[in-house]
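Just below is one structure, and these are the notes that go with it.
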Amino acid sequence: MGMFDFVKSVGEKLGVGENQAPEAKVLKSALDALGLGTDKVDVDVEGDKVVLKGEVAEQSAFEKAIVAVGNTLGISRVEAQELKVSDSGTTGKEPVFYTVKSGDNLWKIAEANYGQGKGGNYTLIFDANKPMLSDPDKIYPGQVLRIPELKD
């Protein structure tokens, strides 16, 4: 656990060059602007890999930080081995992520992850990916989404 793959050629453009990773300070500013509680997180960029270190308050912030920086144009990997969850004092538990394919929508993704007939739980996926997602119809191929556990 701790290393997550993303599609380098898709995502929000924060860098200056085509498919080039943004500088660490630009990525950190964009991450903090989302209001996820990442003020104690350090961001380093090593080529097309981002290394997250520090502490977040809860598991959802851990997962959202990974997705937020990973879905940036020019980033292909996120390492979070040194990102801790303060309420547990350890690294976060293994998150479940899904890479969007052409033709996907949140309903289809919910059924693929939760089972046939459970597409109505797409709102859980949408809510789990706020504020990175602003509209459930605005997802794109290559984007990585958090898939929260389905509570019975």
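FYI, it's all coordinate maths here, none of it is from the lab. Remember, predicted model here, so these are calculated numbers, not experimental data. Cβ atoms come from the backbone with ideal geometry, glycine included; neighbour counts cover every protein chain shown.
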Against the longest principal axis of the chain, how steep is helix 59-70, in degrees 0 to 90 to the nearest 10, with axes from Cα atoms? 70 degrees
18 Å Cα-Cα reach of K108 towards aspartates and glutamates, excluding residues that sit fewer than 8 places from it in its own chain: D127, D135, D137, E149
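Less than 15 Å Cβ to Cβ from I125, Lys/Arg counted +1 and Asp/Glu -1: what total charge do the surrounding residues give?
Numbers: positive: K64, K101, K108, K118, K130, K138, R146, K151; negative: E63, D104, E111, D127, D135, D137, E149.
Residues near I125 contribute +1 overall.
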What is the percent of Cα-Cα separations in the chain that go past 23 Å? 33 percent
May I ask you to list the aspartates and glutamates whose Cα is less than 20 Å away from that of K53, ignoring any residue fewer than eight positions away on the same chain? D5, E23, D32, D39, D42, D44, E63, E79, E82, D87, E94
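List, in the order given, every pair from K8/K93; K40/K101; K25/K49; K8/K84; K13/K130 whose Cα-Cα distance in the structure shown is over 22 Å. Please list the in-between numbers first.
Values: K8/K93 25 Å; K40/K101 33 Å; K25/K49 14 Å; K8/K84 25 Å; K13/K130 18 Å.
Violating the 22 Å Cα-Cα cut-off are K8/K93; K40/K101; K8/K84.
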Arrange L14, L83 by Cβ neighbour counts within 10 Å, fewest through most, would you? L14, L83
Would you list S60, S102 from fewest to most Cβ contacts within 10 Å? S102, S60
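Among I139, I109, which comes first, then next, by fewest other beta-carbon atoms within 10 Å? Working shown, then result.
Working: I139 18, I109 22.
So the residues, fewest neighbours to most, are I139, I109.
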Under the helix-only model (-39500 (n - 2.57) for each DSSP H run of 4 or more, divided by the residues of the chain), the mean residue ellipticity at 222 nm, to 500 deg cm²/dmol, is -7000 deg cm²/dmol
